[in-house]
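**Student:** For reference, the structure I am asking about is given below.
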Amino acid sequence: TAIGKDPTNVGGYNLLVPLADFEQTIFQGMNGPAYALLALDSGNYEIPENTAGTTQATRELYIDYILSKESPNGGWGLAGGEGEIDITAMVLQALAKYREREDVSAAIDRALIFLSEQQNEMGGFTSYGTDGSESVSQVIVALCELGIPINDERFVKNGRTLEDRLLDFMVEGEGFRHLLEEEPNVIATEQAFYALVAIDRAEKGMPS
C-alpha cells in the first residue's frame, strides 16, 4: 500500500484473504488482530470472503476481541496477562480510527494512563528489565495516530519527551540502537525512522 501497489495481486496472491480468517489471525497473539486492522485500514480495504471454512473476520470482531483482552492495568499483553508497552501501543494504533465507539474511547483512555505511568524518568520505558528504543518508537506512533502532541504533559518526564529519549539511541551516520550499550541494528532503526516520520507528519497536519 505504501508504495502504491495492489495487495490483492502480489505474484498472483491476494494478501487480504488470510486476514479474513479470524481464528488464524488471532492465533499468534494480540499483535495479530491489531496488525490486521492496521493493514486493512491502511487502504480502507474490504475484508474478502473467508475461504478457510472458519469464522469470517470483520472489523467489529477484531475490535471486540481486542477489547475483551484488556488487562486489569489498562494495557494489553501479547498473550494476555499484564499489559506490555509495545503491544499496548500497537493496539492503540489499531483502535485509533474507531474512537467514536464509546467502549473503544474508554479503553484508549485507560491505556494512555497505563503508558504514562510506565514512562520512566528518562522519558522512555523499561520492559522486561531493559530500557529499549522500540517501546519509545511504538508509543510515539500511537500518540501521533491518536492526535496527541508529542509534548503532551502526560508524556513528559523531567522535561524530557519521547522524542528526546528516542534520539538518545541514535548513532550519527549509522542508525538507532535497541539498547544504549549496543551497536545500531535494523529493527531499532526501522522503528525509529517511522516514529520520526509519524512526528513529522503529525506536526504538518498530514494524514498518518
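The values are calculated or read from the model by the stated rules, or taken from the named source; none is laboratory data. Model, not experiment: these values are computed from the prediction. Backbone-built Cβ (ideal geometry, glycine too); neighbour counts: all protein chains shown. Just so you know, the surface numbers come from the protein's heavy atoms only, side chains and all, with ligands and any DNA or RNA stripped out. Shrake-Rupley method; radii C 1.70, N 1.55, O 1.52, S 1.80 Å.
**Student:** Can you spot a residue in region 61-73 that is open to solvent by less than 40 Å² (accessible area, probe 1.4 Å), of a type in the set (Gly, Ala, Ser) and over 16 Å from the mean Cα position of the chain (by Cα)?
**Tutor:** Among the residues of region 61-73, at least one is open to solvent by less than 40 Å² (accessible area, probe 1.4 Å), of a type in the set (Gly, Ala, Ser) and over 16 Å from the mean Cα position of the chain (by Cα), which makes the answer yes.
**Student:** For THR25, state whether it is hydroxyl-bearing (Ser, Thr, Tyr) and open to solvent by 40 Å² or more (accessible area, probe 1.4 Å).
**Tutor:** Values: hydroxyl-bearing (Ser, Thr, Tyr): yes; open to solvent by 40 Å² or more (accessible area, probe 1.4 Å): no.
For THR25, the condition - hydroxyl-bearing (Ser, Thr, Tyr) and open to solvent by 40 Å² or more (accessible area, probe 1.4 Å) - is not met.
**Student:** If you take the residues in region 198-208 that are in a helix (DSSP H, G or I) and touching a helix residue (DSSP H, G or I) at 6+ places or on another chain (Cβ under 8 Å), which one is most open to solvent (accessible area, probe 1.4 Å)?
**Tutor:** ARG201
**Student:** Here's a follow-up. Check ALA57 against each of (1) open to solvent by 20 Å² or more (accessible area, probe 1.4 Å); (2) free of Cβ contacts under 8 Å to residues at least 40 places away in the same chain and name the one condition it does not meet.
**Tutor:** Answer for ALA57: the failing condition is (1).
**Student:** Sticking with this structure for a sec: If you go through region 1-45 one residue at a time, how many are more than 17 Å from LEU95 (Cα to Cα) and part of a loop (DSSP other than H, G, I, E, B)?
**Tutor:** 16
**Student:** Give the residues of region 176-197 that are part of a helix (DSSP H, G or I) and open to solvent by 60 Å² or more (accessible area, probe 1.4 Å), sorted by residue number.
**Tutor:** Matches in region 176-197: VAL186, ILE187, GLU190, PHE193, TYR194, VAL197.
**Student:** Same structure, new question: Going through ASP131, ASP168, ASP109 one at a time, which residue ends up being of a type in the set (D, E, K, R), under 19 Å from the mean Cα position of the chain (by Cα), farther than 20 Å from LEU38 by Cβ and open to solvent by less than 60 Å² (accessible area, probe 1.4 Å)?
**Tutor:** ASP131
**Student:** Look through region 86-106, keep the residues that are open to solvent by 10 Å² or more (accessible area, probe 1.4 Å) and aliphatic (A, V, I, L, M), and return whichever of them is farthest from ILE148 (Cα to Cα).
**Tutor:** ILE87
**Student:** Right, ASN120: over 25 Å from LEU78 (Cα atoms) and surrounded by fewer than 22 Cβ atoms within 10 Å (Cβ to Cβ) or not? Let's see the steps before the verdict.
**Tutor:** Numbers: over 25 Å from LEU78 (Cα atoms): no; surrounded by fewer than 22 Cβ atoms within 10 Å (Cβ to Cβ): yes.
No, not satisfied.
**Student:** Cβ-Cβ distance below 6 Å, separation of 6 or more or different chains: which pairs start in region 185-204 with a residue that is touching a residue at least 40 places away in the same chain (Cβ under 8 Å) and within 14 Å of ILE150 (Cα to Cα) and end on one that is of a type in the set (A, V, I, L, M) and outside any helix (DSSP H, G or I)?
**Tutor:** Taking only residues 6 or more apart or on different chains, the pairs are ILE199/ILE150.
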